[in-house]
Amino acid sequence: MTLDADKLVSDFGIPGMRSGYEVNYCFGQQGPTGVVKETSLAELFHRYADILWDEGHHKYNVKAFIGELDEILLGARFSTFSQDLLDNLIGALRKRGNSNATINRKMAALSKLLRKAYKMGDVHSLPEFRRQKERAGRLRFLEADEEEALFREIGIRSDYFLQFSIFLVDSGARLGEAIGLKWNDIHEGRATFWITKSGRSRTVPLTARAKEVLNALANRSPGPFTAVDPQKYRAAWNAAKLDAGLGEEEDIVPHILRHTCASRLVRGGIDLRRVQMWLGHQTLTMTMRYAHLATHDLDMCVPVLERHLAS
């Protein structure tokens, strides 16, 4: 039985789907050249997910991404993945209201899965993945008074979540990195994060108040924040945000603590290369989002421009 291209267009909004897809997208085992090994995105994820992604929040997101793409394709089985099909998937996501940044994340997961399938012989050809252009959005971070108000409300709800928040903003750690921290990862006032987005470990020195937080949690095992439930933390965060008068701003999510850490380093005169190392960014391009905060680097330009006035 062939995949109904017209139904994809009408039911799921995939633009420009043509009947030519019936050759490579079919549910039967016989193709025009004989027996064709076919699979689906859901099957590929089940087969390779544990190899490609570590357990955690990122893997949970990837599962949702692949599940959505498989749903758009009606669970179709395939032996090749054409460029037109990829472009049509992107079009369908955009029609659903996905931003380019969101599409890029979903395509990154799909690309990784298909590359593995190609190496293993499950897919006979791959399309070219082109990164969608992302708009440079406003980078939000907390000012000192905003942090004080927000942390006060978080503390009313949970001392533990307050301690977690303080550690996040002073270390720049992602939620998963801090939750995965074990006591043997902390030595001589430094914390080493092994479970990172890039897969590369990094070590950062700790502030005085971050050390105080860790000392207060010394009786917890196997790590200071392993008992943090991300969903409960976000629920407490959202409630605290409302009572702190910040409820109108969608950008104020727990990840803003990492942005706040970075902004304070840059505004304090730390060069971007060191900020890159602190945050664990794979490329300097990612750190350049904070470059506009380094206004002190431009102060030396003013005397040069004013020289002609003195002559």
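The values are calculated or read from the model by the stated rules, or taken from the named source; none is laboratory data. A quick note: this is a predicted structure, and the numbers were derived from the prediction, not measured. Here the Cβ is made from the backbone with ideal geometry for all residues, glycine too, and neighbour counts use every protein chain on show.
Only one of His292, His281 is in contact with a helix residue (DSSP H, G or I) (Cβ under 8 Å, 6 or more places away or on another chain), under 29 Å from Trp237 (Cα atoms) and not small (Gly, Ala, Ser). Can you tell me which? Full working, then the answer.
Details: His292 fails: in contact with a helix residue (DSSP H, G or I) (Cβ under 8 Å, 6 or more places away or on another chain).
Only one candidate passes the filter, namely His281.
Among the residues of the range 276-311, what is the count of those that are hydrophobic (A, V, I, L, M, F, W, C), outside any helix (DSSP H, G or I) and either under 16 Å from Leu139 (Cβ atoms) or modelled with pLDDT of 85 or more (or both)? Walk me through it before giving the result.
Step one: list which residues in the range 276-311 are hydrophobic (A, V, I, L, M, F, W, C), which gives 277-279, 284, 286, 288, 291, 293-294, 298, 300-302, 304-305, 309-310.
Applying the additional criterion that residues be outside any helix (DSSP H, G or I) yields 294, 300.
With the extra rule that they be either under 16 Å from Leu139 (Cβ atoms) or modelled with pLDDT of 85 or more (or both), the set shrinks to 294.
Total meeting the criteria: 1.
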### Query
Where residues in the range 140-155 are surrounded by 19 or more Cβ atoms within 10 Å (Cβ to Cβ) and among the aliphatic types (A, V, I, L, M), which of them is modelled with the lowest pLDDT?
Leu142
#### Entry: Criterion violated by Ser99 - all others in (1) more than 29 Å from Val169 (Cβ to Cβ); (2) among the hydroxyl-bearing types (Ser, Thr, Tyr); (3) in the same structural domain as Tyr48 (by TED's automatic domain parsing) satisfied
(1)
### Message
Is it the case, given these coordinates, that Leu242 is aliphatic (A, V, I, L, M), surrounded by 10 or more Cβ atoms within 10 Å (Cβ to Cβ) and within 29 Å of Gly189 (Cα to Cα)?
### Response
no
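Suppose we filter Ala236, Ala210 for residues that are closer than 15 Å to Val169 by Cβ, buried (at least 20 other Cβ atoms within 10 Å of the Cβ) and assigned by TED's automatic domain parsing to the domain that holds Leu168; which single one remains? Walk me through how you get there before you give the answer.
Values: Ala236 fails: closer than 15 Å to Val169 by Cβ.
The unique qualifying residue is Ala210.
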### Query
Can you name every residue in the range 54-79 that is buried (at least 17 other Cβ atoms within 10 Å of the Cβ) and either more than 23 Å from the chain's Cα centre (by Cα) or over 30 Å from Leu175 (Cβ atoms) (or both)?
Leu73, Ala76, Arg77, Phe78, Ser79
### Query
Counting residues that are in contact (Cβ under 8 Å) with a residue 60 or more places away in the chain, which helices (runs of 4 or more DSSP H) fully inside the range 133-243 reach at least 1?
144-157, 159-171, 175-179, 230-243
### Task
Would you confirm whether any residue within the range 115-132 is part of a helix (DSSP H, G or I) and touching a helix residue (DSSP H, G or I) at 6+ places or on another chain (Cβ under 6 Å)?
yes
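Considering only residues that are of a type in the set (A, V, I, L, M) and farther than 27 Å from His57 by Cα, which ones fall in the range 230-264? Give the steps one after another, and end with the answer.
Residues of the range 230-264 that are of a type in the set (A, V, I, L, M), as a first pass: 235-236, 239-240, 242, 244, 246, 252-253, 256-257, 262.
Passing the criteria: only Ala244.
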### Task
Filter the range 83-140 for residues that are among the hydroxyl-bearing types (Ser, Thr, Tyr) and closer than 25 Å to Arg47 by Cα and give the result.
Thr102, Ser111, Tyr118, Ser125
### Task
Would you check which residues across the range 244-275 are part of a helix (DSSP H, G or I) and within 16 Å of Glu177 (Cβ to Cβ) and list them?
Ile256, Leu257, Arg258, His259, Thr260, Cys261, Ala262
